[in-house]
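No lab work stands behind these numbers, since they all come straight from the coordinates. Worth saying up front: this structure is predicted, and the values here are computed from it rather than measured. Glycine also receives a Cβ, built like all others from the backbone with ideal geometry; neighbour counts cover every protein chain displayed.
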Amino acid sequence: MDPTPIIEVRDLTHTYSAGTPFEHTAIEHINLAFRPGELVGIIGHTGSGKSTLIQHLNGLLKPTSGKVLFQGEDIWKDKKFTHSIRGRVGLVFQYPEYQLFEETCWKDIAFGPKNQGVTGDELDARVRRAAGFVGISEDLLEKSPFDLSGGQKRRVAIAGVIAMEPDVLILDEPTAGLDAAGRDSILENIKAYQQAQNAAVIMVSHSMEEVADLCSRLVVMNHGAVAMDDTPAGVFTRADELTEMGLSVPQVTSVFARLRAMGVNVPPDVYTVRYAVARLLERKEGRSC
């Protein structure tokens, strides 16, 4: 993984309705850096500042104070640069399928890169490449997106952002409302894009199981500040603190905590089923957990 940040926020603060009776500071003095190849989960209770934070990363919101840097440059240094950032930092909102509007899936996926000036064979290649990443078969590209299932619509919407080939891909609750099979498939698609493009992927989620299984790093937001920034193991071993923030831990972490409370010698850093199985097998074979 490249140690140089692709995108960074420094002392970032955002206040809504400043100078009015409705003034509210949503995030305050945030410092974070995201690097190429990272897959980072952002978690936090409703109102913790997650959405405000990610909307700064591609210039949808302008800081009240502080800076957002892309490859070391202030994204607000001039209008042209700010506009270009929205292609290099792709943001997929929650329920993005509600934003589909074109006659065919191909046209919907092509909309973003076409606005970037991509045309001809390169445009077609990008559309088909993005469709491949999200599991949309070529025979669906000429169909209306409104004829597809809910999960397929979600894939098309995500493909529309991927087709711009962003260096940073941000997803806000990408699996919300999907069944288990659809959820697993979307997460696999996100991982495939991250690995193939060496992109930085930032995913906001309320599912502790999802971020534990997919992400190598977790940022925990609480009351507009970064409460934790660590590996999943490092975060989920602080279960009591998470509970105080109104958050949960993966179910398997809760099970192992209960086992420890009963006197069973199991480790405190279990956060995925795969890891739990491996540690239990070690115990069964007589090796220390």
Please label the shape of the range 44-91 as rounded, prolate or oblate, based on the square roots a ≥ b ≥ c of the eigenvalues of the alpha-carbon gyration tensor (a/c under 1.5 means rounded; beyond that, a/b larger than b/c means prolate, else oblate). prolate
With springs only between Cα atoms under 10 Å apart, run a GNM on the chain and tell me which of Ala159, Ala125, Ala18 wobbles the most. Ala18
At 222 nm, what value in deg cm²/dmol follows for the chain if DSSP H runs of at least 4 each add -39500 (n - 2.57) and the sum is divided by all its residues, to the nearest 500? -12000 deg cm²/dmol
Paramagnetic reach from Tyr95 in the range 203-225 [backbone N under 11 Å; point 7 Å along Cα→Cβ]: none
Among Pro36, Pro113, Pro267, which one shows the biggest mean-square fluctuation in a GNM of the chain, springs joining Cα atoms closer than 10 Å? Pro267
Among GluC sites (Glu not before Pro) in the range 114-214, those in a DSSP loop whose Cβ has at most 12 other Cβ atoms within 10 Å are Glu142
Computed Rg/Rh of the range 250-289, alpha carbon atoms with Kirkwood Rh: 0.93
Which GluC sites (Glu not before Pro) from the range 68-116 combine a DSSP loop assignment with at most 14 other Cβ atoms within 10 Å? Glu103
Select from the range 47-151 those chymotrypsin sites (Phe, Trp or Tyr not before Pro) which occupy a DSSP coil region and have at most 13 other Cβ atoms within 10 Å, ordered by residue number. Phe101
Once you've got the GNM for the chain with C-alpha springs shorter than 10 Å, pick whichever of Arg238, Arg155, Arg35 has the biggest mean-square fluctuation. Arg238
On each of the three principal axes of the Cα atoms of the chain, give max minus min coordinate, whole Å, ordered largest first. 64, 53, 37
Sequence neighbours fewer than 8 away in the same chain don't count; with that in mind, list the lysines whose C-alpha is under 22 Å from Lys50. Lys62, Lys67, Lys191
